[in-house]
1. Limited to the stretch 78-104, what total is found for residues that are touching a residue at least 40 places away in the same chain (Cβ under 8 Å) and of a type in the set (Gly, Ala, Ser)?
2. Looking at the stretch 105-134 only, could you name the residues that are touching a residue at least 40 places away in the same chain (Cβ under 8 Å) and either in contact with a strand residue (DSSP E or B) (Cβ under 8 Å, 6 or more places away or on another chain) or under 20 Å from residue 47 (Cα atoms) (or both)?
3. Note down all Cβ pairs under 7 Å where the first residue falls in the stretch 33-60 and is farther than 21 Å from residue 127 by Cβ and free of Cβ contacts under 8 Å to residues at least 40 places away in the same chain, the second is assigned to a strand (DSSP E or B) and small (Gly, Ala, Ser), and they're at least six residues apart or on different chains.
4. Hey, any hits in the stretch 70-87 for a residue that's farther than 25 Å from residue 18 by Cα, among the small types (Gly, Ala, Ser) and crowded, with 18+ Cβ neighbours inside 10 Å?
5. Please note which strands (runs of 3 or more DSSP E) are completely contained in the stretch 1-93 and include at least 2 residues that are on the phi < 0 side of the Ramachandran plot, in contact with a helix residue (DSSP H, G or I) (Cβ under 9 Å, 6 or more places away or on another chain) and of a type in the set (Phe, Trp, Tyr).
6. State whether the residues of the stretch 111-122 include one that is modelled with pLDDT of 85 or more, assigned to a helix (DSSP H, G or I) and surrounded by 13 or more Cβ atoms within 10 Å (Cβ to Cβ).
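The values are calculated or read from the model by the stated rules, or taken from the named source; none is laboratory data. Bear in mind the structure is a predicted one, so any value in this text is a computation, not a measurement. All Cβ positions, glycine included, derive from the backbone under ideal geometry; neighbour counts span all protein chains shown.
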Amino acid sequence: MHVAWYLLILIALVAVLLILFLVRRRVLVASRGAIEMSVHRGSGLLGGWALGVATFSGSELRWYRLASLRPGPSERFNRNDGGITGSRPPRPEEVTWIPPDAVIFECTSTHGRQLIALSRNASTGLLSWWESVPPGYRNGMSDF
């Protein structure tokens, strides 16, 4: 085969991946109840803030990274499994990678400490959802 055929196949594959990426992104953003949320992925080469969309599903907050082709959520936060231990405003160097007018929350779970950032309006919904667990059902245990 000629090099031109390989180049044409490569261009077609890139076009298909781009279309899949754009369709996935549109579906996530258009999901009912979806909120724009960033998650801090640690430090290092692949660390830092990552922009995404979160949806509430039962006792889980499911976060989908926007720059990904992964069909499922990249992170799951279970409200029975931890809590929100604090909040703070963003530092100037963080503003680029988080939603506008954001609040940063520190969450804890069995997986450790995690930072999430979302807008003030969405943070009200997050706190209401997180606190709506029936008494005695934290950590999957019932007091009754």
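1. The qualifying residues number 2.
2. Those that are touching a residue at least 40 places away in the same chain (Cβ under 8 Å) and either in contact with a strand residue (DSSP E or B) (Cβ under 8 Å, 6 or more places away or on another chain) or under 20 Å from residue 47 (Cα atoms) (or both): 114, 115, 116, 117, 118, 119, 122, 125, 126, 127, 129, 130.
3. From the stretch 33-60, the pairs are 41/50.
4. Looking for residues that are farther than 25 Å from residue 18 by Cα, among the small types (Gly, Ala, Ser) and crowded, with 18+ Cβ neighbours inside 10 Å, one finds at least one in the stretch 70-87, hence yes.
5. Where strands (runs of 3 or more DSSP E) fall fully within the stretch 1-93 and carry at least 2 residues being on the phi < 0 side of the Ramachandran plot, in contact with a helix residue (DSSP H, G or I) (Cβ under 9 Å, 6 or more places away or on another chain) and of a type in the set (Phe, Trp, Tyr), they are 49-57.
6. Among the residues of the stretch 111-122, at least one is modelled with pLDDT of 85 or more, assigned to a helix (DSSP H, G or I) and surrounded by 13 or more Cβ atoms within 10 Å (Cβ to Cβ), which makes the answer yes.
Residues are listed down the side, and each one gets a yes or a no for (1) modelled with pLDDT of 90 or more; (2) farther than 22 Å from residue 34 by Cβ:
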residue: 72; (1), (2): no, no
residue: 84; (1), (2): no, no
residue: 87; (1), (2): yes, no
residue: 93; (1), (2): no, yes
residue: 98; (1), (2): no, no
residue: 129; (1), (2): no, no
residue: 132; (1), (2): no, no
